[in-house]
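Right, one structure below, let's go through it.
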Amino acid sequence: MTALLEVKDLQVRVEDREILHGLTMTVNGGEVHAIMGPNGSGKSTLSHVIAGKPGYEVTGGEILFKGEDLLEMEPDERAAKGVFLAFQYPVEIPGVTTMNFLRTAVNAQRKARGESEYLVPDFLRKVREVAASLNIPMDMLKRGVNVGFSGGEKKRNEVLQMALFQPSLCILDEMDSGLDIDALRVAADGVNALRSPDRAMVVITHYQRLLNYIVPDHVHVMSKGRVVKSGGKELALELEESGYAQYEDAAA
Amino acid sequence: MAAVQETVDRVRQIDVDQYRYGFETIIESEKAPKGLSEDTVRYISAKKNEPAWMLEWRLEAYRRWLTMEEPKWARVEYPKIDFQDLYYYSAPKPKKTIGSIDEIDPEILETYKKLGIPLREIEALEGVVRPEGERRIAVDAVFDSVSVATTFQKELKQAGVIFMPISEAIREHPELVKQYLGTVVPTSDNFYATLNSAVFSDGSFVYVPPGVRCPMELSTYFRINERNTGQFERTLIIADKGAYVSYLEGCTAPQRDENQLHAAVVELVTLDDAEIKYSTVQNWYPGNSEGKGGIYNFVTKRGDCRGDNSKISWTQVETGSAITWKYPSCILRGDNSRGEFYSIAISNGYQQVDSGTKMIHLGKNTTSRIISKGIAAGKSQNTYRGLVTAHRKATNARNFTACDSLLIGDQCGAHTVPYIEAKNASTLFEHEATTSKISEDVLFYCIQRGLSQEEAVGLVVNGFVKDVLQQLPMEFAVEAQKLISISLEGSVG
C-alpha cells in the first residue's frame, strides 16, 4: 500500500538559512502523528512546506502525497487533493462572510476535482449540521472570516472547515496556542470526530497537554531541523518530564 | 515565487485584451470642423435647433473659458492637451429623421447590444430571464455627442416624470432648463465645466414632479466611438418637493492609442424632502499596459440639497480612464439635509486617479457621510481628495469620513488628502483613514483552502469594498463586482 504522506530527506532553506536538514517521516492513512519539539526546531516550517506556502526553498529531498510529487503542485491544487493545514494564527478577512468563504472554497475544491459545485440548499444543510456538532452558532458564520472571533472561535472555525472539506491529510499547527482548557476540549473533540481509516493527521505542538485530548499513534521529536527520536504515545509523556534539552544535544 | 509577487506580475500583464468594451463601431458620422471657436459653439447650437438664449449662454461660457487656465493642483500628470486638435461634435449620420427605435442605425443598436444595454423596450421586457422582483430600467443612450434612444418614455410620462435628452428638454421644457441649468455648477465654475457649458452636445434631463417616486431606475449609457472626439455631456436632474429618483450612469469607449477627452457636467437639485440617488459605473478605456491611450475623464459633478430634509447620495465605481479627475459633491443648503458619497476607485497599469468629494454644510443639522475605498495596483497612483466644510450658520453639522486604501504590489501609490474646515463650534467632523497592503498571509490562507491566486485576490478585494458595493442597486452591484475582478486580475475574464 502506498503511504499517504512520505517525506524523504527533506532539506529546506529560508533565504540563506537552512531550516530542515534532511527530514524523513512516513504517515499512513488512519494514523495520527504528533510532532513535538522546541521553538525553532522546524515544526512549522515542515507544515508550511507541505501546504506550499511561498518563501521556502526546497533544496533537497522529496514529498510524496498518495504517491504523487507534492512539491510539483500549486498550493490550491494540494488543497483540492486533500491537504489541509489548520493554521496556528488563522487570518481575518474583513467584508467576506464566513459562509461565503466556506462556499467559495468548497466549490473551488470540487471544481478542481471535476465535481459539480454544491447547490446552495445542500451546502447550507451540510454547514448547519457540522456547525451544530462544533457548537458554532450560525450567527458566527454571517460575520467576516475570523473578524472579531475569540481564539477558541478561530480554532473551531478551522475545525469546521476541516469537517466540511473532508481532507485526507490534516496538519494541525499548534492548535492549542491561545486556547483555554474548555475551548481546547471542544476543538479536540471536533478533530477526534474526524479520525477515520482513510484520513491521517499530523499534530504539531509544544506541549503534551494537547495529546491528552488528541491521542497520537506515533510521536516524533524534532530538534534543529531533524527528527531526533520517534516512538509511541508514551514518548510525549517522557518528554513532559525530561524536557527537550537532551535532544538538542543529540541533534548538535 | 511569493504569492503577492505573482499577483503583481499578473496584474502587470493586464492589457487591452482585458478591456471587453474596446471595439469600434464603423459608422458614418457628421462632425463639426476640428478645433474650438465661436463658430464651433454656433455650429453645435444650430445643430441642436437651440433657442437664442441657449446660444447666448454658451457663448458667454466660451468667452469666459478663453480667459481661464487648466487646473494643475491634482496629483495627475499628462501632456498638454491641444484643444484645437479635437472634434467637439460628432453625431451618427442619420439616414432620415428618426421616428422610432426601428429607424436607428442597426450598427448602433448592435453596439449597445454588445455592451449589454437593451434599447428596445420589448427586449428589456422579454429579453433574458429576469429574476423575480428585478426592476425595469429606462435607458437614455448617448453615442458620441448625441442621444440615440430613450426607452420607456411613455410610461414615465404617465407618472409625470420627464426623462429625455437635454437637447430636447431645452426645446420642450425651456422654463425648467432655464430655471435650473448652471445653478449648481455655474458656467464660471472651473476650466472644464466652463468648456462643457460652451460645447456640451447632449446628456440626460430628468424632472420628477412633487411627491412622485420615479417608478423605475433611470439610466444613461455613454459611449465615445469617434476618434479624436471629446465628449461633453451635460446632465441635469431635478427632484421636486418630496420626489425620489434613482439614476445610474455607465460609460465605455473603444481602445485607441491616443487619449480622448471626456469633460462632463452633472447637476443635481433636490427640493424639500426630495431624494436623488446617483450611481456611476465608470469603465472608460484605461489605456494599455504601457500607459498608452485611454480616456481623460475630467468631470464636474455636484448636487445641491436646496430644500429642507432633502438628500443626495453619490455612489461611484471607478475602474477605467487613463486619468480621473472627479469630485462628486454635495451642497447641504437645506436644514436637515444629508449628503452621501460612496466610492470605489481602482487603478492599475499607469492609471492616475484623483477623486473624492466635497461636502459643504450650509444649513442647520446637516449630515454627511463619506466612504471611500481606493485600490491601487500596477504602477498606478490613486489619490483621495476631499473637502468637508461647515459654514458659520451650519449649527450641528455632522460628518463621518472613512478613507481606506489597499495597495497591490510595490510600484503603486495611494494618497489621502482631506481638507476639513469647521467655522461653527457645534460642528462634529470625524475622519478615519487606513492604508494597507494586500497581505501575503491572507492570500495564502485562501489558497490553502483551494482558491486560485486570482480568486483569492478577488475575494479579498470584494470584501474590502463591500460597504460601498452594498450601496449600489442590485443589478449594478453584481456587474461592479465582476468588473472589479476583471480590472485587477488580468487573466480572469
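The values are calculated or read from the model by the stated rules, or taken from the named source; none is laboratory data. Everything numeric in this text was worked out from a predicted model, so none of it was measured. Ideal geometry is used to build each Cβ from the backbone, glycine not excepted, and the neighbour counts take in all protein chains shown. These accessible areas exclude ligands, DNA and RNA; they are computed on the full protein's heavy atoms, side chains included. Shrake-Rupley method; radii C 1.70, N 1.55, O 1.52, S 1.80 Å.
Taken as a whole, the condition of being open to solvent by 10 Å² or more (accessible area, probe 1.4 Å) and more than 10 Å from chain A (Cβ to nearest Cβ) applies to B:ALA422. Looking at segment B:370-381, can you tell me whether even one residue there is within 15 Å of B:CYS330 (Cα to Cα) and touching a Lys or Arg at 6+ places or on another chain (Cβ under 6 Å)? Among the residues of segment B:370-381, not one is within 15 Å of B:CYS330 (Cα to Cα) and touching a Lys or Arg at 6+ places or on another chain (Cβ under 6 Å), which makes the answer no. Within the span defined as segment A:141-161, one or more residues are closer than 28 Å to B:VAL465 by Cβ, at pLDDT 90 or above and over 23 Å from the mean Cα position of the chain (by Cα). Within segment A:194-209, the only residue that satisfies the criterion of being farther than 17 Å from A:LEU85 by Cα and not in a loop (DSSP other than H, G, I, E, B) is A:ARG209. Within segment A:219-234, being open to solvent by less than 30 Å² (accessible area, probe 1.4 Å) and in contact (Cβ under 8 Å) with a residue 24 or more places away in the chain holds for A:VAL219, A:HIS220, A:VAL221, A:MET222, A:SER223, A:GLY225.
Out of B:SER485, B:SER426, one residue alone is more than 20 Å from the chain's Cα centre (by Cα) and of a type outside the set (Asp, Glu). It is B:SER426.
Here's the yes/no breakdown for (1) polar (S, T, N, Q); (2) more than 8 Å from every other protein chain (Cβ to nearest Cβ); (3) open to solvent by less than 30 Å² (accessible area, probe 1.4 Å):
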| residue | (1), (2), (3) |
| --- | --- |
| B:GLU432 | no, yes, no |
| B:GLU440 | no, no, no |
| B:SER452 | yes, no, no |
| B:ALA456 | no, yes, yes |
| B:PHE464 | no, no, no |
| B:VAL468 | no, yes, yes |
| B:GLU479 | no, yes, no |
| B:ILE484 | no, yes, yes |
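Residues in segment A:49-73 that are part of a helix (DSSP H, G or I) and surrounded by fewer than 21 Cβ atoms within 10 Å (Cβ to Cβ): A:LEU71, A:GLU72. Looking only at residues in segment B:397-417 that are open to solvent by 60 Å² or more (accessible area, probe 1.4 Å) and more than 30 Å from A:LEU85 (Cβ to Cβ), the one that is nearest to the other protein chains (Cβ to nearest Cβ) is B:GLN411. Just to check your reading of the model, which residue among A:ASP173, A:ASP76, A:ASP180 is more than 14 Å from chain B (Cβ to nearest Cβ) and either surrounded by 15 or more Cβ atoms within 10 Å (Cβ to Cβ) or over 24 Å from B:GLN470 (Cα atoms) (or both)? Exactly one of A:ASP173, A:ASP76, A:ASP180 is more than 14 Å from chain B (Cβ to nearest Cβ) and either surrounded by 15 or more Cβ atoms within 10 Å (Cβ to Cβ) or over 24 Å from B:GLN470 (Cα atoms) (or both), namely A:ASP180. When we screen A:GLN11, A:GLN109 for residues that are more than 15 Å from the chain's Cα centre (by Cα) and assigned to a helix (DSSP H, G or I), the only hit is A:GLN109. The residues on offer are B:ARG302, B:ARG306, and the sole one that is touching a residue at least 24 places away in the same chain (Cβ under 8 Å), more than 21 Å from B:ILE375 (Cα to Cα) and under 13 Å from the mean Cα position of the chain (by Cα) is B:ARG302. Residue count for segment B:135-172, restricted to those that are at pLDDT below 80 and either of a type outside the set (Gly, Ala, Ser) or under 16 Å from B:TYR247 (Cα atoms) (or both): 17. Taking the conditions (1) farther than 26 Å from A:LYS229 by Cβ; (2) open to solvent by 20 Å² or more (accessible area, probe 1.4 Å) in turn, A:GLY82 satisfies each one other than (2). Test A:LYS111 against the criterion of being touching a helix residue (DSSP H, G or I) at 6+ places or on another chain (Cβ under 6 Å) and closer than 30 Å to B:VAL465 by Cα, and give yes or no. Criteria not met by A:LYS111. Residue pairs whose Cβ atoms lie under 7 Å apart, separated by 6 or more positions or on different chains, with the first residue in segment B:22-48 and crowded, with 19+ Cβ neighbours inside 10 Å and assigned to a loop (DSSP other than H, G, I, E, B) and the second of a type in the set (A, V, I, L, M) and modelled with pLDDT under 80, are B:THR25/B:ILE108. Scanning segment B:265-299 for residues that are among the β-branched types (Val, Ile, Thr) and open to solvent by 10 Å² or more (accessible area, probe 1.4 Å) turns up just one, B:VAL281. Across segment A:59-73, which residue is nearest to the other protein chains (Cβ to nearest Cβ) among those that are touching a residue at least 60 places away in the same chain (Cβ under 8 Å) and not aliphatic (A, V, I, L, M)? So the residue we want is A:PHE65.
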